[in-house]
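What follows is one structure encoded as structure tokens, with my remarks underneath.
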Amino acid sequence: MLEPIEPSVGIAFTNWQRDLIRKDEGLLERQEAMLQALERGPEPFCNYLEEHLAIGSYRNSPKLSLHRELTLNEVSNPPVELERELYELWEHELTPNEACLPIYWYIMHTAWIRSLWFGSDLVKTFVHTSRSASDPMENQVDDRARSVMRRVGGLVEERGKVSVFSDCPMARAWWRRRISISVAEYSEGTLTADQAHIALHKKSAVWEPLVLNSLRRVTVVNNPRIRAAIVAHIASVDSIVSSGKICTRLVQDVARRCQFFTPQTWQDAMELVNSSAASVQAKAGESTNEDND
Amino acid sequence: MSFPQLFQDGSRNDWQDAVYDCDITIDRGVAFIEHKLKNAAGLEQLVQDGKAKWSLEVRCPRTLFSTAHMSREPTIMLRWDPSDVYEEITIFPGMIAVQELELPRQELTKVWQEANTVLVPAGWQLVRGITYSSQADSSSLLTFQKDETLDEGQMMIQENTSSGSLKFIVQLAPDIYENISKNRTLQVAALIGALGRLHNQPYEEPNEAYLGLKYIFEQHGFTPWDESDFDPAYTATRWERFTPIILDD
């Protein structure tokens, strides 16, 4: 386990992220400085992170191991098999109370990048932008800077607690496998961990609503049987694949129905989720018809 | 659809005179509860008959964690691995119907007595306790740190979002750091200072890291910090009791 995070590191982390998104005169210069460190390669970027996040003292701390150099595609969007491998590799090294912390993943990424586990072209690895070349330059730079922060450990100032679960591929890999194992345990044979994992990975529109609604409130969706039923439903249908909005409504509708009600059996949980899903789909269909009218 | 419920806080009571209370103790990785019920013999009988059970659930949203235990005994101990949770955990006590059951109507309020039968589905929360948190809200917000560079009696406050949500680091000069755990006045002063920094939030768009604190404000009915009449001192002292210094004349 990593030693406790010093308060000074927390302050440095906060100030650094704010400096990179706060809209003032110096923003472009600060963002370009970060991106230039990234472009120069692993050692300069690691030095940049250690200096700005005050994490130099963690250089010799225990690190999560990586068993081989990862390809660009693997780092960008780890496939299910890699997510499983990473979870199994880290099973005895990483605990949930560490894995939920964005700063923890920044420390890990600094070690991995320095060890060249992500190769030397960090721009291709960490910059995923949707801006076109015709967008104003400052918007392009802003998008690139935010992309790096999200992927290295999360952009808390923009996305809060969910960022580490949803935006950082390595953290997301661990959490997704962990939840998949829980789903298998509570689904009474309906899904294996691999099947649950494939559902959460392929139908990625459901991961963020599931996690976001669990993080933002002390929600009943964290109940492992209820969560397993949601995932089992998602695994069984195709229509939910592309709609994050419908996934969000499903999760929220289930949470509402379970406010004073705890399914006592797996069958009860599935009936509740299926009923929720039918209601959500019906309302979505009505809404589409109204739009067409 | 709704069914009879008894709430610990009194906001809902479908039994005529019933009262529910509980004693909860929380420590690292363990919670103890003793459920107590008065004037609800019918509910107690349901537990003895195995149709309902006392329940205790522990959740930690930061780590997507939830564990629960149900028992026919009113005393429950629930354990978890401390590394499965981060910071605040929330406890949900109550009583749950474990099968579909018919409630004896004579103890219920008049409106329920008018029904022919009162059937409750399996899983319905018959008794709902107040939600308990493992930490007082404000103490989870502040971390105190000794700062040798500060002069006697000085305090500085800075924000920390490295955990994913907003916290404050309160840096104290060594002379006051020694007393912080016992000095309520200093603690409240730190809270006032922390809340004072919220007023200067520099963002136009909502900042997700602040959502947890925003929820706390809503729950307590505090004036939002971005409104012109937000008063950090008033908010802090509504939140945490301020102990005045009594001077001898």
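With contacts defined as alpha carbon pairs under 8 Å and 6 or more residues apart, what's the relative contact order of the range B:111-172 in percent?
30
Regarding chain B, what is the average projected area of its C-alpha convex hull, in nm²? Walk me through the intermediate numbers first.
Working: hull surface 76.6 nm².
The number I arrive at for chain B is 19.2 nm².
Counting Lys and Arg as +1 and Asp and Glu as -1, what is the net charge of the other residues whose Cβ lies under 14 Å from the Cβ of residue B:152? Spell out each step's value before the answer.
Working: positive: B:146; negative: B:147, B:148, B:151, B:175, B:178.
That works out to -4.
Non-local amide H neighbours of residue B:144 (under 5 Å, H modeled in plane, Pro and chain starts lacking H): which ones?
It is B:170, by chain and number.
Return the average number of partner chain Cβ atoms within 10 angstrom of each residue Cβ along peptide A:156-165.
Details: counts 9, 9, 6, 4, 11, 10, 3, 3, 2, 2.
Averaged over the peptide's residues, the number is 6.
Under a Cβ-Cβ cut-off of 12 Å, what is the net charge of the residues other than residue A:248 that fall near it, where Lys and Arg count +1 and Asp and Glu count -1?
In short, +1.
May I ask you to list the trypsin sites (Lys or Arg not before Pro) in the range B:31-77 that are in a DSSP loop and have at most 14 other Cβ atoms within 10 Å of their Cβ?
Details: sites: B:36, B:38, B:51, B:53, B:59, B:62, B:72; in loops: B:51, B:72.
When the trypsin sites (Lys or Arg not before Pro) of the range B:31-77 are filtered for loop state and at most 14 Cβ neighbours within 10 Å, B:72 remain.
Loop-only GluC sites (Glu not before Pro) in the range B:93-152, please: DSSP not H, G, I, E or B, and at most 16 other Cβ atoms within 10 Å.
Working: sites: B:100, B:102, B:107, B:114, B:148, B:152; in loops: B:100, B:114, B:148, B:152.
Loop-located and lightly packed - B:100, B:114, B:148, B:152.
In square nanometres, what is the average projected area of the Cα convex hull of the range A:96-193? Don't jump to the answer; show the numbers that get you there.
On the way: hull surface 32.8 nm².
Averaged projected hull area, Cα only: 8.2 nm².
How shielded is A:21-33 by partner chains, expressed as the average number of their Cβ atoms within 10 Å of its Cβ atoms?
On the way: counts 4, 2, 4, 1, 0, 0, 0, 0, 0, 0, 0, 0, 0.
The mean count of partner-chain Cβ atoms within 10 Å per residue comes to 1.
Using only Cα atoms and rounding to the nearest 10 degrees, what angle (0 to 90) does helix A:207-216 make with the longest principal axis of chain A?
80
When every alpha-carbon pair in chain A is counted, what percent end up more than 27 Å apart?
Working: 19690 of 42778 pairs.
Summing the P(r) tail past 27 Å for chain A gives 46 percent.
Taking a temperature of 37 °C and a viscosity of 0.692 mPa s, what whole-number D in µm²/s does Stokes-Einstein yield for the range A:7-170 with Rh from Kirkwood over alpha carbon pairs? Write out the running numbers ahead of the final one.
Details: Rh = 16.2 Å.
This corresponds to a translational diffusion coefficient of 203 µm²/s.
Counting only C-alpha contacts under 8 Å and six or more residues apart, can you give the relative contact order of chain A as a whole percent? Mind dumping the intermediate values first?
Numbers: 349 pairs, mean separation 43.5, N = 293.
Worked out over chain A, it gives 15 percent.
Around residue B:163, what is the net charge, scoring Lys/Arg as +1 and Asp/Glu as -1 over all other residues with Cβ under 12 Å from its Cβ? Don't skip to the end; give the middle numbers.
Numbers: positive: A:161, B:62, B:167; negative: A:98, B:87, B:88, B:159.
Residues near residue B:163 contribute -1 overall.
Could you report the buried accessible area between A and B, both sides summed, computed with a 1.4 Å probe and given in Å² to the nearest 100? Each step should come with its number before you reach the end.
On the way: alone 14140 and 14630 Å², together 24880 Å².
Result for this pair: about 3900 Å² buried.
Using +1 at the Cβ of each Lys and Arg and -1 at the Cβ of each Asp and Glu in chain B, identify which of B:186, B:18, B:212 lies farthest towards the dipole's positive end.
B:18
Along the Cα-to-Cβ line of residue B:32, 7 Å from the Cα, sits a label point; which residues in the range B:58-82 have backbone N less than 12 Å from it?
Taking a point 7 Å out along Cα→Cβ of residue B:32, the residues of the range B:58-82 whose backbone N falls under 12 Å are B:75-78.
What is the Cα radius of gyration of the protein assembly as shown over 2.2 N^0.38 Å, N being its residue count? Numbers along the way, then the final one.
Numbers: Rg = 25.6 Å, N = 542, 2.2 N^0.38 = 24.1 Å.
Computed over Cα atoms of the protein assembly as shown, the ratio equals 1.06.
Just tell me the longest site-free run in chain A, where the sites are GluC sites (Glu not before Pro) in a DSSP loop having at most 16 other beta-carbon atoms within 10 Å. Before the final figure, lay out each step's value.
Details: sites that count: A:25, A:69, A:91, A:93, A:188.
Counting at most 16 other Cβ atoms within 10 Å as exposed, the longest clean stretch of chain A is A:189-293.
Quick one: accessible area per residue over the range B:60-160, 1.4 Å probe, rounded to a whole number of Å²? Before the final figure, lay out each step's value.
Numbers: 4910 Å² over 101 residues.
I get 49 Å² per residue for this part.
Could you check the simple spin-label distance between residue B:215 and residue B:233, using points 7 Å along Cα→Cβ, in nm with one decimal?
3.2
Report ³J(HN,Hα) in whole Hz for each residue of the range A:30-43, in order, from the Karplus equation J = 6.51 cos²θ - 1.76 cosθ + 1.60 where θ = phi - 60°; Gly and Pro get x.
Calculated HN-Hα couplings, in order: 5, 5, 5, 4, 5, 5, 5, 4, 4, 5, 5, x, x, 5 Hz.
What percent does the relative contact order of chain B come to when contacts are Cα pairs within less than 8 Å and at least six residues apart? Working shown, then result.
On the way: 434 pairs, mean separation 34.6, N = 249.
This gives 14 percent for chain B.
I'd like the carbon and sulfur percentage of the solvent accessible area for the protein assembly as shown, probe radius 1.4 Å, heavy atoms only, ligands and nucleic acids excluded.
Of all accessible area on the protein assembly as shown, carbon and sulfur atoms account for 47 percent.
The values are calculated or read from the model by the stated rules, or taken from the named source; none is laboratory data. Keep in mind that what you see is a predicted model, and the values were worked out from it rather than measured. When we count neighbours, we look across all protein chains shown, and the Cβ atoms used for this are built from the backbone with ideal geometry, even at glycine. Accessible surface is based on the protein model in full, side chains and every heavy atom, while ligands, DNA and RNA are left aside. Shrake-Rupley method; radii C 1.70, N 1.55, O 1.52, S 1.80 Å.
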